[in-house]
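**Student:** My questions will all concern the structure given below.
FYI, it's all coordinate maths here, none of it is from the lab. As the structure is a computational prediction, the values presented were derived from the model and not from experiment. Every residue, glycine as well, gets a Cβ built from its backbone with ideal geometry; the counts of neighbours run over all protein chains shown.
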Amino acid sequence: MADIAVFGGSGMIGSRIVDEALHRGHTVTALARDRTRLPHEDERLRVADADVLDPSAVTAAARGRDVLVSAVGGGDGSGHRRLVEPSARTIVAALRDLREPPRFIMVGGAGSLETVPGKQVWDTPGLPEDVLETMHAHGDALEFLRGVTDLDWTNLSPPAVIEPGERTGGYRTDTDRLVADGRGNSRISAEDYAVALVDEIESPRHRNERFTVGD
Ligand SMILES: NC(=O)c1ccc[n+]([C@@H]2O[C@H](COP(=O)([O-])OP(=O)(O)OC[C@H]3O[C@@H](n4cnc5c(N)ncnc54)[C@H](OP(=O)(O)O)[C@@H]3O)[C@@H](O)[C@H]2O)c1
């Protein structure tokens with residue numbers, strides 16, 4: 001069983017990762033700035049308030065863990081711009097300070113996924129500026145991670161749509177191409193996304209690369 005810390009543990013995606021990991025018997029520390037929004041109902045769950053942009057808080061959260069997951073979100077586009085890539089940089093710097101750094105798994109974004117050869121989701125005409133800013137914030141974080149060769153990291157991009165729903169336990173994966181059905185629908189429940197992420201923790205298949213999922 002793994003000892004897992006989850007930044008963004010109170011969020012739409014992060015809370016499902018916490019639930020899925022607990023359900024599989026792992027030990028989890030859920031982290032966010034507002035401790036009151038974190039779950040606290042399991043003997044294998046610890047909760048703590050910590051800011052992912054605070055290097056010493058990240059070091060403390062990561063020390064002794066097997067895996068550090070970041071599922072932080074910044075609300076609008078400019079919030080993501082201030083949070084997503086900076087948090088990846090803060091986490092990487094903190095992990096480099098540890099003698100035995102945990103594996104780092106980051107919840108990414110769909111914007112940089114390929115739709116057809118040579119076109120990415122963020123090339124779709126008509127996307128609002130705010131959405132583009134969020135997509136590029138995640139794209140910048142992924143570019144940064146791709147330059148990190150001394151740590152064990154994975155970026156898991158959601159498909160176009162991810163929302164609370166049913167846990168079926170089934171999903172399809174790809175590396176850099178958007179997973180969609182024949183009609184172009186690209187979606188997953190946050191519960192099944194969490195299944196895929198915890199599967200990756202238990203059976204690593206995507207070390208130092210990005211992968212994506214869809215139903
Ligand atoms: N299709 C897609 O590509 C797609 C779709 C949905 C989401 N996403 C991405 O997935 C990530 C998670 O999304 P979500 O919808 O689950 O977000 P969410 O529900 O808004 O939750 C965000 C979480 O991040 C935490 N957080 C924010 N700033 C923090 C900080 N400085 N330090 C520590 N924790 C912080 C929040 O708690 P506190 O505010 O209490 O700190 C909360 O737990 C986001 O980056 C989002 O862009 C991608």
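**Student:** Taking only C-alpha pairs under 8 Å that are 6+ residues apart, what is the relative contact order of the stretch 3-214 in percent?
**Tutor:** Relative contact order of the stretch 3-214: 19 percent.
**Student:** Could you list which residues have their amide H under 5 Å from that of Ala50, counting only those 5 or more apart in sequence or on another chain, with H placed in the peptide plane?
**Tutor:** When sequence neighbours closer than 5 places are left aside, the close amide H contacts are Ala32, Arg33.
**Student:** Per-residue HN-Hα couplings for the stretch 40-54, Karplus 6.51 cos²θ - 1.76 cosθ + 1.60 at θ = phi - 60°, whole Hz, x for Gly and Pro?
**Tutor:** Once θ is set to phi - 60°, the couplings for the stretch 40-54 become 8, 9, 8, 5, 9, 10, 10, 10, 8, 8, 7, 9, 5, 8, 9 Hz.
**Student:** On a 0 to 90° scale, report how tilted helix 77-96 is relative to the longest principal axis of the chain, with both axes built from alpha carbons and the result rounded to the nearest 10.
**Tutor:** Roughly 50 degrees between the two axes.
**Student:** Related question: Quick check: the distance between the Cα centres of the stretch 24-77 and the stretch 138-168, to the nearest angstrom?
**Tutor:** The stretch 24-77 and the stretch 138-168 have Cα centres separated by 17 Å.
**Student:** Rounded to whole Hz and in sequence order, give me ³J(HN,Hα) for the stretch 22-27 from the Karplus expression 6.51 cos²θ - 1.76 cosθ + 1.60, θ = phi - 60°, writing x for Gly and Pro.
**Tutor:** In residue order, the calculated couplings are 5, 4, 8, x, 7, 9 Hz.
**Student:** Would you mind checking which residues have amide H under 5 Å from Trp153's amide H? H placed 1.01 Å from N; only 5 or more apart, or other chain.
**Tutor:** It is Phe104, Asn208, by chain and number.
**Student:** Please sort by residue number the GluC sites (Glu not before Pro) in the stretch 144-211 whose DSSP state is loop and whose Cβ has at most 10 other Cβ atoms within 10 Å.
**Tutor:** Glu166
**Student:** Okay, next question. Can you give the net charge of the other residues whose Cβ lies under 13 Å from the Cβ of Val131, counting K and R as +1 and D and E as -1?
**Tutor:** -4
**Student:** Tell me, Trp122, Trp153 in order of fewest to most beta-carbon neighbours within 10 Å?
**Tutor:** Fewest-to-most Cβ neighbours within 10 Å comes out as Trp122, Trp153.
**Student:** I want the local charge near Glu100. Using Cβ-Cβ distances under 10 Å, sum +1 for each Lys or Arg and -1 for each Asp or Glu among the other residues.
**Tutor:** Result for the neighbourhood of Glu100: +2.
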